[in-house]
Amino acid sequence: MTTGCWRGEDWLLDVRVQPRSSREKIIGIQGGRVKIALTSPPVEGAANRALCQLIAKALGVAKGRVTIVKGEKSREKRVCVQGVDREMVRQFGLNHGLENKAGTGTDC
C-alpha cells in the first residue's frame, strides 16, 4: 500500500496526525499512512495549520500550496501538495524513512 500518489502535478499524501505531541516530527508509516506528530491541539484548525506548515517545510514549498482535501476533523487526512517537484517527493521519502512508499511513481 502506498501513502501517496500523483494527480497531474499535484501529490496527494495520506497521513495520520497525532496532535498535542511533545514535538513536531514525521514519524514514519503506520497503517498505510505517514504518521505525523504535532504539538498543536486539534482545536479551531490549529493542528491542520501546523500539519500544512510541516509538510510544506519538509518539501520546500510555500505553505499555501499544501491543503487538506479530506479529513479536516479527523486524525486520518489526505493532503494535497500542489505543483511539487517529483524529486522533492522522492527526497522527502528518503529523508523520513518512507523509501518507495511515498508514492513517487504512482498515479491516483
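The values are calculated or read from the model by the stated rules, or taken from the named source; none is laboratory data. The model shown is predicted, which means the values in this text are computed figures rather than measured ones. Note: ideal-geometry Cβ built from the backbone for every residue, glycine included; neighbour counts use all protein chains shown.
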Enumeration of residues in the range 68-96 that are in a strand (DSSP E or B) and touching a Gly at 6+ places or on another chain (Cβ under 8 Å)
Lys77, Arg78
Selection within the range 43-66 - surrounded by fewer than 16 Cβ atoms within 10 Å (Cβ to Cβ) and not in a helix (DSSP H, G or I):
Val43, Glu44, Gly45, Gly60, Ala62
Which listed residue is in contact with a Ser or Thr (Cβ under 7 Å, 6 or more places away or on another chain) and of a type in the set (A, V, I, L, M), from Ala50, Ala62, Ala58:
Ala50
If the requirement is being touching a strand residue (DSSP E or B) at 6+ places or on another chain (Cβ under 9 Å), more than 14 Å from Arg20 (Cβ to Cβ) and modelled with pLDDT of 95 or more, which of these qualifies: Leu38, Leu54?
Leu54
Residues in the range 1-41 that are part of a loop (DSSP other than H, G, I, E, B) and β-branched (Val, Ile, Thr) total 3
Would it be correct to say that Arg49 is charged (D, E, K, R) and in contact with a Cys (Cβ under 9 Å, 6 or more places away or on another chain)?
no
Please tell me if Lys70 is basic (Lys, Arg) and farther than 12 Å from Asp14 by Cβ.
no
Suppose we keep only residues that are at pLDDT 95 or above and more than 17 Å from Gly93 (Cβ to Cβ) within the range 1-35. Which one would you say is farthest from the chain's Cα centre (by Cα)?
Ser22
